[in-house]
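The values are calculated or read from the model by the stated rules, or taken from the named source; none is laboratory data. For clarity, every value in this text was computed on a predicted model and none was experimentally measured. Cβ coordinates were reconstructed from backbone atoms using ideal geometry, including for glycine residues, and neighbour counts include every protein chain displayed. Side chains are part of the model used for accessible areas, which takes the heavy atoms of the whole protein and leaves out ligands, DNA and RNA. Shrake-Rupley method; radii C 1.70, N 1.55, O 1.52, S 1.80 Å.
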Amino acid sequence: MDDELSKIINLLIDNQLTSISVKHGNDEIRVSKTAQPAALIPASPVQKADSADTTNTIKAPGVGTFYTSPNPEAEPFVTVGDLVTPETTVGIVEAMKMMTEIKAGLSGTIQEVFVANGDNIEYGQKLFRIG
Amino acid sequence: MADLMKKKLKILIANRGEIAVRIIRAAKILGMQTVAVYSEADKNSLHVAMADEAVEIGAASAGDSYLNIRAILAAAEISHADAIHPGYGFLSENAHFARLVEEVGLIFIGPTSQTIEEMGDKEQARQLMASAGVPIVPGSADFFESAEIGLREAERIGYPVMLKSVAGGGGKGMRLVSQAADFQQLFELAQSEIKNAVGDGRMYLEKLIIHPRHIEVQVLGDGQGKAIALGERDCTIQRHHQKVIEEAPSTKIDPETRQEMLTVAVHAAEQQQYRSAGTYEFLYQGPGQFYFMEMNTRIQVEHAISEEITGVDLVGAQLTQAAGGGLPEVARDNQGRVAIEARVVAQTAGKINFLHLPGGLGIRVETAIYPGYVVPPNYDAMILKIIATGPNRVTALQRLREAIGETVITGLKTNLDLLIQILNHPDFTTNENATDIDWLDSILDAEEEK
């Protein structure tokens with residue numbers, strides 16, 4: 001059966017068909033290929049991977065270096081499982097020797113942390129997922 | 001030459017659109033690394049795709065992004081950029097920005113913050129130029145409040161004169177005086193008008209320059225007292241003070257005056273110890289009659305036409321100089337080459353569906369648009385520059401006409417039709433070139449009235 005299937009698949013490909021069906025008595029094999037639409041216009045130069053859900057994420061308010069804690073010795077502001085309100089400080093972004101606190105801006109529980117201490121972040125970058 | 005680039009600089013381009021593409025291209029040719037910055041609205045921009053790295057710096061509005069000094073310096077910090085090229089517009093002539101760049105130890109690709117500050121103040125610039133031997137628009141020696149002093153000054157300057165008030169704006173306290181006999185009455189009218197409005201009766205005079213051409217000189221300085229000129233540009237075709245078509249060289253100035261303008265500009269640049277690219281703008285009224293208007297202490301939109309006739313990569317020269325190199329060699333003779341640029345402007349925002357750009361001998365395009373690109377509404381409307389070069393003006397014009405005629409942009413409205421109109425108008429095309437800086441406005445205003 002495998003041999004026959006290979007042959008059928010090869011026939012399909014070699015002759016640029018979209019489907020073949022072969023019937024032997026009560027047995028039927030049907031092989032089909034999903035149509036590939038031709039690219040009519042080139043893809044736009046930048047294809048930024050668009051994550052599905054951005055509504056419950058805390059995003060970077062600016063550019064700089066991200067810190068998880070108020071100082072190197074301290075515990076992180078927040079970890080997975082913590083409850084946050086809009087005024088909760090969730091991190092610090094540093095640029096040009098100036099530290100700016102990042103506020104959660106929404107309420108919920110930290111589900112996921114996307115950045116590590118010392119990472120470079122840019123405006124709009126996803127920092128935390130809230131659930 | 002090889003050890004010119006002792007250090008491969010990493011350049012952050014603090015701009016967007018076609019000039020960002022231009023700078024990135026020039027940097028790549030020189031083997032330099034590039035960092036693009038972009039707003040939320042520019043995620044799919046060409047300059048972002050072309051640069052080695054890109055940092056999103058803020059929301060769509062210019063204030064949140066391309067004018068956001070803090071975000072741009074932060075982007076330079078995290079990307080470890082060595083230098084910032086500000087392009088034109090945005091922060092390119094912001095002395096505060098230039099100073100901050102210097103303070104954080106980065107190279108600002110342009111003049112010093114001090115130069116930017118000096119030339120950004122119109123009055124200070126005039127004084128500086130006057131002391132460097134550059135002719136400035138004749139004006140009254142000081143402010144005055146009596147008609148007698150005004151009359152004396154007007155005689156000295158020569159009629160016609162514009163009588164203006166120090167506190168004025170929007171035409172208040174301003175009168176055109178064509179002859180001495182009218183002075184007293186017009187002075188009294190103007191002064192009482194502004195005095196009643198704001199209580200400040202100080203007046204001054206400026207010579208009225210009639211039907212001037214806008215002639216500007218491109219310079220490059222090494223910041224240490226040496227400067228070169230790369231010819232002049234004629235930017236007389238303007239709509240509401242916005243340049244539409246520029247050409248190099250100017251066909252309307254005699255060789256003696258041209259030489260004088262170039263010499264005066266180079267001398268001023270050397271006196272100022274000017275660094276990087278800059279342009280001295282003049283109003284030209286006739287042989288020997290030219291007056292300094294202002295200086296643009298940055299690379300300009302129309303720099304490409306000077307590049308075409310001289311063969312010098314101006315942006316590349318800026319980058320080379322920032323990396324420690326010297327000024328480029330410029331040939332004395334451009335062998336009659338003429339380059340003309342047309343600025344294509346989007347009149348609506350929108351998505352570009354179909355795009356065909358022209359080509360052929362002597363045709364150059366500078367743009368950041370591509371099929372499928374969405375032109376955002378937040379920024380400057382110019383989307384494309386088409387530059388035609390030829391061995392003489394007639395050929396350059398023919399090539400530009402053909403190139404514009406061939407260009408197709410669908411999905412939004414552009415000024416392509418207007419450009420064709422100008423390029424076919426006898427005032428513009430003939431050697432007489434009977435245009436001045438009010439010409440395009442008067443033609444279009446007359447049409448609108450019909």
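One quarter of the surface of the convex hull around the alpha-carbon atoms of segment B:1-101 equals 6.2 nm², the direction-averaged projected area. Straight-line reach from A:LYS103: taking Cα to Cα under 13 Å and skipping same-chain neighbours fewer than 8 places apart, the aspartates and glutamates in range are A:GLU87.
The separation of segment B:295-361 from segment B:180-229, counted between C-alpha centres, amounts to 31 Å.
For A:LYS7, the aspartates and glutamates whose Cα comes closer than 15 Å to its Cα, not counting residues fewer than 8 places off in the same chain, are A:GLU28. Counting Cβ atoms of other protein chains within 10 Å of each Cβ in B:384-392 and taking the mean gives 0.
Convex hull of alpha carbon positions in segment B:261-393: directionally averaged projected area 11.0 nm². A simple charge model with +1 on the Cβ of Lys and Arg, -1 on the Cβ of Asp and Glu and nothing else charged puts the dipole of chain B at about 920 debye relative to its Cα centre.
Rounded to the nearest Hz, the phi-derived 3J(HN,Hα) couplings of segment B:73-87 under the Karplus curve 6.51 cos²θ - 1.76 cosθ + 1.60 (θ = phi - 60°) are 5, 5, 5, 5, 5, 6, 9, 6, 6, 9, 8, 10, 9, x, x, where x marks glycine and proline. Note the angle between two axes, namely the Cα long axis of helix B:439-449 and the longest principal axis of the Cα atoms of chain B, as a number of degrees from 0 to 90, rounded to the nearest 10. Roughly 80 degrees, rounded to the nearest 10. Computed over the Cα atoms of the protein assembly as shown, the ratio of the radius of gyration to the Kirkwood radius (Rg/Rh) comes to 1.08.
Annotation note: GluC sites (Glu not before Pro) in segment B:337-441 located in DSSP loop regions with a Cβ neighbour count of at most 13 within 10 Å are B:GLU432. Considering the dipole of the protein assembly as shown built from charges on the beta carbon (Lys and Arg +1, Asp and Glu -1) around the Cα centre, which of A:ILE9, B:THR279, A:GLY108 is farthest to its positive end? The one lying farthest along the dipole's positive direction is A:ILE9.
Evaluating 6.51 cos²θ - 1.76 cosθ + 1.60 at θ = phi - 60° for every residue in segment B:335-349, the Karplus couplings come out as 6, x, 4, 10, 10, 10, 10, 10, 9, 8, 10, 7, 9, 9, 7 Hz, glycine and proline recorded as x.
Pairs spanning more than 30 Å between alpha-carbon atoms, out of A:LYS33/B:LYS43; B:LYS164/B:LYS385; B:LYS28/B:LYS252; B:LYS122/B:LYS252; B:LYS351/B:LYS385; B:LYS195/B:LYS450: A:LYS33/B:LYS43; B:LYS164/B:LYS385; B:LYS28/B:LYS252; B:LYS195/B:LYS450. Here the Karplus curve 6.51 cos²θ - 1.76 cosθ + 1.60, taken at θ = phi - 60°, turns the phi angles of segment B:384-393 into couplings of 7, 10, 10, 10, 10, 10, x, x, 7, 5 Hz, with x standing for Gly and Pro.
In this structure the protein assembly as shown gives 47 Å² per residue of accessible area when probed at 1.4 Å with all protein chains present. In chain B, the longest principal axis of the Cα atoms and the axis of helix B:180-198 are about 60 degrees apart.
Pairs of Cα atoms nearer than 8 Å and 6+ residues apart set the relative contact order; for chain B it is 14 percent. Buried between B and A is an accessible area of approximately 1700 Å², summed over both sides with a 1.4 Å probe. Keeping the other protein chains in place, figure out the carbon and sulfur percent of the accessible area of the protein assembly as shown, with a 1.4 Å probe. Solvent-exposed carbon and sulfur of the protein assembly as shown make up 50 percent of the total. Counting only aspartates and glutamates at least 8 places from B:LYS243 when in the same chain, those with an alpha carbon closer than 14 Å to its own are B:GLU216, B:ASP234, B:GLU281, B:GLU302, B:GLU341, B:ASP380, B:ASP436, B:ASP438, B:ASP441.
Roughly what angle does helix B:147-157 make with the longest principal axis of chain B, taking Cα atoms, 0 to 90 degrees, to the nearest 10? The angle comes out at about 60 degrees.
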